[in-house]
Amino acid sequence: MAVLVGYALAILIGLSLGLLGGGGSVLALPVLVYVVGIAPKVAVPMTLVVVGAVSLLGAIPHIRRGNVAGRAGVVFGGATMVGAYGGARLATLPFITDTVQMTLFAVAMLVAAGLMIRRRPPAPELTGPYVPPVCPYCWLWLPTEGLLVGMLTGLVGVGGGFAIVPALVLLANIPMKQAIGTSLLIIAANSLAGLAGYLGHVHLDWHLTVNFTLLAGIGTVAGAYLAQFIHPAHLQKGFGYFLLAIAALVLWQNQQPRKQSYVPLVAPAARANPFGPSAGG
């Protein structure tokens, strides 16, 4: 029953992604952990698969329209991939406990919620072909922020679009439309890099992961269709407050003993030691 409820919520996660263009992916981890009952060290790489696949699906229309900035995407995306791989390797170390991971995730949700609540429509100068840079040589900051965003992705499975888009607009002098398309490709790339950092250290239930991803993808397509009838700005602030509530719930749940309600169908040896080096990816 918990898995079926998780599948239903996967559709809602995709629906929010399609309607808002972002933010919904941060719900995948709490659904997998608190609804399906999967340990965070396994749920995070599963979330990376969902986030990466849905972001790639959303990037396809932008690629066809040419809304991708190649140079900035390579510089920023390369840094995020390094950071995501490093963050994933860090997450497999013993001192990064489930509580630490979920607390970091809740903090990231609070930041994302605050940005969604406060965000206003971009000014006309940010949507045009020329964006005044906020500082000389701002592009030098791109790799630094990319490493930090990538580390966050690898540690807690958050795509980081709430930080990537402003960085591309304000630091890389990229129009908003290109920043969104480039951001989706960067998220897909650093999700892949983060997943690579986990492989060999956790055992993923690929059946559950693929089903969850497909249902989120269906929800994304449906949300993108409904977006033409519902203005995202009307939903964004309310969704931000919803994220605040989820973040508070995650912080509260971290103080409670958590029971694992879902057990993947794996070999007994792998089940006994799901994070050991002998567990296959």
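The values are calculated or read from the model by the stated rules, or taken from the named source; none is laboratory data. Since this is a predicted model, take the numbers as computed values, not measurements. Positions of Cβ are backbone-derived with ideal geometry, glycine not excepted, and every protein chain shown enters the neighbour counts.
So, in the range 67-84, of the ones that are farther than 15 Å from Gly181 by Cα and of a type outside the set (A, V, I, L, M, F, W, C), which residue ends up surrounded by the fewest Cβ atoms within 10 Å (Cβ to Cβ)?
Top of the filtered list is Gly78.
Tell me which of these Leu265 doesn't satisfy, since it passes every other one: (1) under 30 Å from Met116 (Cβ atoms); (2) modelled with pLDDT under 75; (3) surrounded by fewer than 14 Cβ atoms within 10 Å (Cβ to Cβ); (4) not β-branched (Val, Ile, Thr).
Of everything listed in (1) under 30 Å from Met116 (Cβ atoms); (2) modelled with pLDDT under 75; (3) surrounded by fewer than 14 Cβ atoms within 10 Å (Cβ to Cβ); (4) not β-branched (Val, Ile, Thr), Leu265 misses just condition (1).
Any idea how many residues of the range 36-60 are surrounded by fewer than 18 Cβ atoms within 10 Å (Cβ to Cβ), touching a residue at least 24 places away in the same chain (Cβ under 8 Å) and on the phi < 0 side of the Ramachandran plot?
Residues meeting the conditions: 1.
Looking at the range 74-101, I want the residues that are basic (Lys, Arg) and have a partner that is crowded, with 18+ Cβ neighbours inside 10 Å with Cβ atoms under 9 Å, at least 6 apart or on another chain. Which pairs are those?
Close Cβ pairs (under 9 Å, with a partner that is crowded, with 18+ Cβ neighbours inside 10 Å) amount to Arg89/Gly154; Arg89/Gly197; Arg89/Tyr198; Arg89/His201.
Conditions tested, residue by residue: (1) in a helix (DSSP H, G or I); (2) of a type in the set (S, T, N, Q); (3) buried (at least 20 other Cβ atoms within 10 Å of the Cβ).
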residue	(1), (2), (3)
Val169	yes, no, yes
Ala172	no, no, yes
Gln178	yes, yes, yes
Gly181	yes, no, yes
Leu192	yes, no, no
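Which pairs turn up if I take residues in the range 189-208 that are touching a residue at least 40 places away in the same chain (Cβ under 8 Å) and small (Gly, Ala, Ser) and look for partners that are crowded, with 24+ Cβ neighbours inside 10 Å and outside any helix (DSSP H, G or I) with beta carbon separation below 9 Å, at least 6 apart in sequence or on another chain?
Close Cβ pairs (under 9 Å, with a partner that is crowded, with 24+ Cβ neighbours inside 10 Å and outside any helix (DSSP H, G or I)) amount to Ser191/Gly157; Ser191/Gly159; Gly194/Gly157.
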